[in-house]
Amino acid sequence: LDLPPDCIVARVDWMLKASARGRLQKALRRLPLGWTVAQRLQYHHIQSVVLPAVRQAIAKTKPAVLYASAPPPAALLVAARAAREAGLPYVCDLRDPWSHYSWAQYRHFVDFLFERALEQRVLRGAAKVIANTPAARMLLLSALRIPEEQTVVITNGYSEEDFAGIAPPPPGPPPPGRRRRGRSRRRTTCLPPPSSARPSSRRGTRWWMA
């Protein structure tokens, strides 16, 4: 990655030790809201480690705006707090929807509601919220009630409109013949046999050759 010479890079080891994190999360999962408690502790740890470096960078560079990209969502929490302390606006760049992360192992629906409330508070305080697809922006407007003028779409990778005038590729050759198999003790198959199929039976299994 080529960076301009005036770009300041601060590397901070903000991750908890894997062994300690594993034991902590395993213990907290036994609680009714264990996922939320574990997340809040992790957010607090990251802010306590990263914020000093951010404060130093703000004091040295005098920025006009703070820009944070997520995941991880802790980056947005750091930006929101640092911006509030310095009296600066901040921008949230969402590469994925926050509370709808596929890896989020909510123990209870209340965990999701707590995380959604935190997401709303941070995003509503931002000067701009960037979504990477129009569908993600609609989620911000409908589910999170983010004001429309506060959101913008910057597509991640490419814009579909750029390829609207390109003709689709010609159809390829048909796929080769496939073997279909269904297994059932009631002598039925998972897939209905084609009219040209010939059965080949074994005990407990029926094969259909197309």
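The base-10 log of I(q)/I(0) for region 64-177, evaluated at q = 0.10, 0.16, 0.18, 0.19 Å⁻¹, reads -0.40, -0.77, -0.91, -0.99 [Debye formula, identical scatterers on Cα atoms, solvent excluded].
Taking 13 Å as the straight-line reach from the Cα of Lys26, none of the aspartates and glutamates fall in range once those fewer than 8 positions away in the same chain are excluded.
Look at the alpha carbon pairs under 8 Å that are at least 6 residues apart: their mean separation over the length of region 67-146 gives a relative contact order of 32 percent.
Count Lys and Arg as plus one, Asp and Glu as minus one, and take only other residues whose Cβ is under 11 Å from that of Tyr43; the net charge is then +1. Amide H contacts of Leu66 (H built 1.01 Å from N, in plane; Pro and chain starts excluded): Tyr90, Val91 sit under 5 Å, all sequence-distant by 5 or more or on other chains. For the pair Asn156 and Gln56 in one chain, pulling the backbone fully straight at 0.36 nm per residue adds 32.9 nm over the alpha carbon distance. All distinct Cα pairs of region 48-104 go into the 1/r average, and the inverse of that average, the Kirkwood radius, is 11.9 Å. Its Kirkwood hydrodynamic radius, worked out from the mean inverse distance over all distinct Cα pairs, puts region 1-125 at 15.9 Å. Distance between the modelled labels on Arg124 and Ser48, one decimal in nanometres: 2.9 nm (7 Å Cα→Cβ projection).
Read the figures in this text as sums done on the coordinates, not as results from a lab. Note that the coordinates shown come from a computational prediction; the quantities given were computed from them, not determined experimentally. Neighbour counts run over all protein chains shown; Cβ positions are idealised from the backbone, glycine included.
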